[in-house]
Amino acid sequence: MTEIRFVNNEELKHAAALSDSIFRDSEQTSMGVAFPQIFSSGLNQSMAAFEAGKLVAFMGLVPNIINIGRSQLQVHSLGSVCTDSEYRGKGHASLLLEQIYTFIKDSGSSLLLVSGDRTLYTRSGCRKFGEIKHYSITVQDAETIRQSNEGSSVNLRLFEAKDAFALHKLRKNNSVAFEESLFGTTQLIESEAVASIAKLKHKLYVAELAGKIIASLIVAVQDKHASKAEPFIVEWNGVASVAVNLIAYAIQQDSLAKINLYSPWHELDMHETLEGVSHTTIHNSGTIKIVDSKKLWEQLQPHLNEKSPDASAVVELLEADEADTVQLSVLGNVIRLSYDEVVDLLFNPLANVPLLKPYKSVLDHLFPIAFPYTAGLHYV
């Protein structure tokens, strides 16, 4: 008989070994090292399926707070989903996901972020979302940037231990970001989660002006192991134009042909600074599921009121049923939206919700909700 439950501390080791057997090779660090938020006991909320006491399927579940302006969204992230090869096709993943949905809703979570987009997830409400600009910054772009900043008094250099407080302060200044402690930031930088997938390693750069750190950059670059993956920016912070100078500096220091940057639509200063640089527009990484529309609406209220003092008079959630069909009042008019239309309204800059077109001018001031890139330092 299949048993679905949380894993205990000892079983986390078996879960990491199963994940390693599926996702890792001999040149990569263990999942247990690269994803401490999943495989350490401190925040352990991960679940597994057991057959006769043997762990045969696993789903890593991590609780997080995402700050959006004055709002704090309670979210969970799902990753490291795997099943022992001998037990595949028996429905363990579906059973696990059902239990996880129940748990995260009971815990007060409003959203689930999933690292994948398999039908396992999409058939239960996980959707692609958001808008990201994917820049390919070449060595020629870097030279142009360097020439435009000749004579600048900003000092560009590698991160040093003394910069830890300054880096944390820069990250705290982001109005749209995962919440993190100083220790948590250090741990995630050291673990190199998303970089290790591509067999890359982290390098940290900072920019200082008159002794003050004003921008930082976490770059995933070539490790000692051969990798076909292109270098990319894991995270940038601070003044966008200075962060771009750091990107050019990193390209020069690490002898890179190009580097990739994934920047959400709301990072307007970065997009303005990189105007003319080749890019494509894609969705945010993975998928998102609205676990509880009412809780999400409640958690968004401080941000909406910050954007408009009369936000509640413009749009108000009246009702949300179990299928997350939502009934809104928009300027006093009652409108019922499907689940997909709600996801579109909340997270997609190019939302196409026919019933809301008459109210576009007022709703555009409130929506979409800015959201951090989900495949950065907090990738699960």
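The values are calculated or read from the model by the stated rules, or taken from the named source; none is laboratory data. Small disclaimer: the values here were computed from a predicted structure and weren't measured. Cβ placement follows ideal geometry from the backbone for every residue including glycine, while neighbour counts extend to all protein chains displayed. We work out accessible area using only protein heavy atoms, side chains counted, and drop any ligands, DNA or RNA first. Shrake-Rupley method; radii C 1.70, N 1.55, O 1.52, S 1.80 Å.
Tell me the residue from Leu96, Leu112, Leu73 that is farther than 23 Å from Thr281 by Cβ, in contact with a Cys (Cβ under 9 Å, 6 or more places away or on another chain), at pLDDT 95 or above and open to solvent by less than 70 Å² (accessible area, probe 1.4 Å), please.
Numbers: Leu96 fails: in contact with a Cys (Cβ under 9 Å, 6 or more places away or on another chain); Leu73 fails: in contact with a Cys (Cβ under 9 Å, 6 or more places away or on another chain).
Only one candidate passes the filter, namely Leu112.
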Could you list, in sequence order, all residues of the stretch 13-28 that are open to solvent by less than 70 Å² (accessible area, probe 1.4 Å) and either assigned to a loop (DSSP other than H, G, I, E, B) or at pLDDT below 95 (or both)? Arg24, Asp25, Gln28
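When you check Thr325 against the structure, is it more than 20 Å from Leu73 (Cβ to Cβ), at pLDDT 95 or above and open to solvent by 10 Å² or more (accessible area, probe 1.4 Å), yes or no? So that I can check it myself, show each step before the final result.
On the way: more than 20 Å from Leu73 (Cβ to Cβ): yes; at pLDDT 95 or above: no; open to solvent by 10 Å² or more (accessible area, probe 1.4 Å): yes.
It is false that Thr325 is more than 20 Å from Leu73 (Cβ to Cβ), at pLDDT 95 or above and open to solvent by 10 Å² or more (accessible area, probe 1.4 Å).
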Could you check how many residues of the stretch 305-345 are of a type in the set (D, E, K, R), part of a loop (DSSP other than H, G, I, E, B) and either under 22 Å from Gly130 (Cα atoms) or touching a residue at least 24 places away in the same chain (Cβ under 8 Å) (or both)? 1
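Is there a residue in the stretch 37-50 that is closer than 19 Å to Tyr379 by Cβ, open to solvent by 70 Å² or more (accessible area, probe 1.4 Å) and in contact with a helix residue (DSSP H, G or I) (Cβ under 7 Å, 6 or more places away or on another chain)?
yes
Please return the ranges of strands (runs of 3 or more DSSP E) entirely within the stretch 209-284 where 1 or more residues are in contact with a helix residue (DSSP H, G or I) (Cβ under 8 Å, 6 or more places away or on another chain) and open to solvent by 50 Å² or more (accessible area, probe 1.4 Å).
Details: elements: 212-222, 232-238, 258-264, 279-282.
Passing ranges, in order: 212-222, 258-264.
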Within the stretch 118-157, track down each residue that is aliphatic (A, V, I, L, M), touching a helix residue (DSSP H, G or I) at 6+ places or on another chain (Cβ under 9 Å) and open to solvent by less than 30 Å² (accessible area, probe 1.4 Å). Leu120, Ile137, Ala142, Ile145
